[in-house]
């Protein structure tokens, strides 16, 4: 009987993945992102890497702060203060003489925690949303220095970087970005056909599309006169067209 000198396929693949993960652990987060951008079709180059910070929608907000803090060279501190609200204590971020009480409303929200954490550690650091993780209850983020993000944008183009790693500001919607049933396929195709367009632009268009569906429902139920329907629909279509022209969006699905 002739003995094979090769591993069985499954075992060989497992060993290759172990080796790859060990190699990734030796790379910096910046190097992992850079390698991904050289071949962004290879999602595996980053998906299982240490560069991504995965956050579940049920995550405790103080744990979110800890996840990002673990990536910081200059650690921040945080404490809790009683706010006499039903959801519990507020989080206060602290660094040197700076203090920021995260301004939750009536509930603690993941988006608010991430946005104000990002605002607090700036301008030295930036948290960005890895948009390819959209589609489930868990989203991925990357934290690099502003200088590192600048180097990536210079090498690969700012729009290309933002297509995959969206900047976060106080108006961003991440866990709060709820696509309606049937919209995710549209969203995926739209992004695929318009690489280099930031997700914030798509979110604006998705919101306008939602307004149109609400208008359709009012028209069908008789709650909106046809004259008013066509007037309002025209206004929404013009806003969508303006966005498409401004950001050079092609293959629209209106």
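Any idea what Rg and Dmax come out to for the stretch 88-238 if you just take the C-alpha atoms, in Å?
Spelled out, the Cα radius of gyration and Dmax of the stretch 88-238 are 19.0, 61 Å.
I need to check one value: relative contact order of the chain, counting alpha carbon pairs closer than 8 Å and at least 6 residues apart, in percent.
13 percent
For each of 115, 246, 34, count neighbouring Cβ atoms within 10 Å of the residue's Cβ, then give the residues from fewest to most. All intermediate terms of the calculation are to be shown ahead of the outcome.
Numbers: 115 20, 246 9, 34 16.
Ascending Cβ contact count within 10 Å gives the list 246, 34, 115.
Compute the orientation-averaged projected area for the chain from the convex hull of its Cα atoms and round it to one decimal in nm².
20.8 nm²
Grab the Cα-Cα distance for residue 204 and residue 101, subtract it from 0.36 nm times how many residues apart they are, and report the gain in nm with one decimal.
Extra length from residue 204 to residue 101 when fully extended: 34.2 nm.
Helix 226-246 against the longest principal axis of the chain: what's the angle in degrees, Cα atoms only, rounded to the nearest 10?
40 degrees
Quickly work out the residue 155-to-residue 169 label distance, labels modelled 7 Å from Cα along the C-beta direction, and quote it in nm with one decimal.
The two pseudo-label positions are separated by 2.7 nm.
Helix 110-121: angle to the longest alpha-carbon principal axis of the chain, degrees 0 to 90, nearest 10?
Helix 110-121 sits roughly 70 degrees off the main axis of the chain.
What is the extension gain from residue 57 to residue 146, computed as 0.36 nm multiplied by their sequence separation minus the C-alpha to C-alpha distance, in nm to one decimal?
Residue separation times 0.36 nm, minus the Cα-Cα distance, leaves 29.4 nm.
So, in nm, how far is label residue 250 from label residue 183 when the simple model puts each one 7 Å beyond its Cα toward the Cβ?
2.6 nm
Using a simple spin-label model with points 7 Å from Cα along the Cα→Cβ vector, what separation in nm is obtained for residue 38 and residue 225?
Going by the 7 Å Cα→Cβ label model, 6.5 nm.
Let a ≥ b ≥ c be the square roots of the eigenvalues of the Cα gyration tensor of the stretch 77-125; is it rounded (a/c under 1.5), or, if not, prolate (a/b larger than b/c) or oblate?
Details: a/c = 3.22, a/b = 1.52, b/c = 2.12.
Cα axes put the stretch 77-125 in the oblate bin.
Suppose R0 equals 22 Å; then what is the FRET efficiency for residue 94 and residue 72 from their Cβ-Cβ distance, rounded to the nearest 0.05?
0.95
For the stretch 90-164, what class follows from the C-alpha gyration tensor (a ≥ b ≥ c being the square roots of its eigenvalues): rounded when a/c is under 1.5, otherwise prolate if a/b is larger than b/c, else oblate?
In terms of gyration-tensor shape, oblate.
Go ahead and collect, in residue order, the members of the stretch 228-242 whose backbone nitrogen is under 14 Å from a label point 7 Å along the Cα-Cβ direction of residue 212.
Counting backbone N atoms under 14 Å from the label point, the list is 230-242.
What order do you get for 62, 238 when you list them from fewest to most C-beta neighbours inside 10 Å?
238, 62
Fewest Cβ neighbours within 10 Å first, please rank 26, 174, 117 accordingly.
With the sparsest Cβ surroundings first, the list reads 26, 174, 117.
Is it possible to state the helix-based mean residue ellipticity at 222 nm for the chain, with each DSSP H run of 4+ residues giving -39500 (n - 2.57), the sum divided by total residues, to the nearest 500 deg cm²/dmol? What is it?
It lands at -16000 deg cm²/dmol.
By how many degrees, between 0 and 90 and to the nearest 10, does the Cα long axis of helix 29-38 differ from the longest principal axis of the chain?
Taking the Cα atoms of the chain, the angle to 29-38 is about 70 degrees.
Apply the a/c threshold of 1.5 to the C-alpha gyration tensor of the stretch 120-171 and tell me whether it is rounded, prolate or oblate.
Note, shape of the stretch 120-171 comes out oblate.
Here, each number is a calculation from the coordinates, and none is a lab measurement. Note that the coordinates shown come from a computational prediction; the quantities given were computed from them, not determined experimentally. As a convention, Cβ positions derive from the backbone with ideal geometry for all residues, glycine included, and neighbour counts pool all protein chains shown.
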